[in-house]
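Below is one structure, written out as structure tokens; comments come after it.
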Amino acid sequence: MTGFSIDWLDLREAADRRSRNDKLLHQARHWLGSDREQTAELNIVDLGAGTGSTLRAFSTAVESDQKSLSWHLLDQDAALLAEATSRHGASHRLQTYELDITNIFALPLEDADLITASALFDLVSADFIDALVTALRSRCQQKPAGLYAALNYDGTTRWTPTHTLDQAVLDAFNRDQRNNKGFGLALGPDAGPYMELMFSRSGFRVFSANSPWVLDGADIKLVDALIDGIGDAVSKDPALDASELKGWILFRKAHSLTGTCEVGHTDLLALPDTV
């Protein structure tokens, strides 16, 4: 799985937080607590947890007792998990697992009431989603379990002011998003629709909503990092001329303070039809 630094995760978190669809987030938390005993422990397994952004989103968006939630943070990066423990170990019921999350059937999902992930599923393959659906359906035979998946890239990016190379760069970036990110060939922009299809076919009630990043001059550090990241991702694409790409990068950075950028994402909530 492709790794991410603490600096990058911190840089994007404010945009992530305001972009999440609040209705789906509240719906996930409400379902998690419905028809459960008040004293029951509710287990949330967060895939690719990083420093705990999903935990923080639940904690800040939902006005309820967090003591009933037991968080199981899964990531391959020990430094990210250590940071999550440093930030939240004293305030939340927390366990961390440093492991390879690419094999669904090797993950500790047996006690999960809700599986969560943020900005993960556009990196994974169709096989990974298929395995997750199978695992969650099997889990539901013992006890209802759901999935909350936020901030899945949908393949759209819109800039102002516009540049003649915007569409070509976007096309190249979306091609790169479908390369192997550690899980096999990635679904990239197709992740949201594929998840909705497969969970629906398996009898889950599926809810989805748009959750775009809407960035402007107040997000200049994130915008500049995004421009650099896109430039790196598409730099070897044969459809792009290197000098034209350099010009696009310079143009974008010259307008990162006064322009805007909207990056499309979707949030998804899949709940078992047994509840």
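The values are calculated or read from the model by the stated rules, or taken from the named source; none is laboratory data. Since the model is a prediction, treat every value here as computed from it, not as a measurement. Positions of Cβ are generated from backbone atoms using ideal geometry, with glycine treated the same way; all protein chains shown enter the neighbour counts.
Taking PHE183, is it out of contact with any strand residue (DSSP E or B) (no Cβ under 7 Å at 6 or more places or on another chain), surrounded by 18 or more Cβ atoms within 10 Å (Cβ to Cβ), aromatic (Phe, Trp, Tyr) and under 30 Å from GLU110 (Cβ atoms)?
It is true that PHE183 is out of contact with any strand residue (DSSP E or B) (no Cβ under 7 Å at 6 or more places or on another chain), surrounded by 18 or more Cβ atoms within 10 Å (Cβ to Cβ), aromatic (Phe, Trp, Tyr) and under 30 Å from GLU110 (Cβ atoms).
Scan (1) at pLDDT 95 or above; (2) part of a loop (DSSP other than H, G, I, E, B) for the single condition GLN142 breaks and write down its number.
The single condition GLN142 does not satisfy is (1).
Please pick out the residue among THR54, THR60, THR85 that is under 16 Å from HIS30 (Cα atoms) and modelled with pLDDT of 95 or more.
THR54
Say we look at the range 186-229 and pick out the residues that are assigned to a helix (DSSP H, G or I) and of a type in the set (D, E, K, R); which of these is nearest to VAL124 (Cα to Cα)?
Of everything passing the filter in the range 186-229, ASP190 is nearest to VAL124 (Cα to Cα).
What residue, among those in the range 148-197 that are farther than 23 Å from ALA28 by Cβ and of a type in the set (Gly, Ala, Ser), is nearest to the chain's Cα centre (by Cα)?
Restricting to residues being farther than 23 Å from ALA28 by Cβ and of a type in the set (Gly, Ala, Ser), the top hit is GLY188.
Output the number of residues of the range 75-93 satisfying the condition of being free of Cβ contacts under 8 Å to residues at least 60 places away in the same chain, closer than 16 Å to ASP46 by Cβ, outside any loop (DSSP other than H, G, I, E, B) and not hydrophobic (A, V, I, L, M, F, W, C).
5
Within the range 94-133, count every residue that is part of a helix (DSSP H, G or I) and either surrounded by 20 or more Cβ atoms within 10 Å (Cβ to Cβ) or in contact (Cβ under 8 Å) with a residue 12 or more places away in the chain (or both).
Adding up the residues that qualify gives 13.
Among the residues of the range 134-152, which ones are farther than 20 Å from GLY33 by Cα and crowded, with 20+ Cβ neighbours inside 10 Å?
Within the range 134-152, LEU151, ASN152 meet the criteria.
Take the range 206-227 and flag every residue that is surrounded by fewer than 16 Cβ atoms within 10 Å (Cβ to Cβ) and touching an Asp or Glu at 6+ places or on another chain (Cβ under 6 Å).
Listed by number, the list holds a single entry, VAL214.
Which is over 25 Å from LEU114 (Cβ atoms) and among the hydrophobic types (A, V, I, L, M, F, W, C), of ALA186, ALA233?
Criteria check complete, one pass: ALA233.
Which one of VAL206, VAL234 is out of contact with any Gly (no Cβ under 9 Å at 6 or more places or on another chain), within 29 Å of LYS23 (Cα to Cα) and modelled with pLDDT of 95 or more?
Checking each option against the conditions leaves just VAL206.
Could you check, for the range 148-168, whether at least one of its residues is over 30 Å from THR258 (Cα atoms), part of a strand (DSSP E or B) and in contact with a strand residue (DSSP E or B) (Cβ under 8 Å, 6 or more places away or on another chain)?
Checking the range 148-168: at least one residue is over 30 Å from THR258 (Cα atoms), part of a strand (DSSP E or B) and in contact with a strand residue (DSSP E or B) (Cβ under 8 Å, 6 or more places away or on another chain).
Which of the residues that make up the range 228-252 are surrounded by fewer than 14 Cβ atoms within 10 Å (Cβ to Cβ), closer than 23 Å to ALA15 by Cα and in contact (Cβ under 8 Å) with a residue 24 or more places away in the chain?
Of everything in the range 228-252, nothing turns out to be surrounded by fewer than 14 Cβ atoms within 10 Å (Cβ to Cβ), closer than 23 Å to ALA15 by Cα and in contact (Cβ under 8 Å) with a residue 24 or more places away in the chain.
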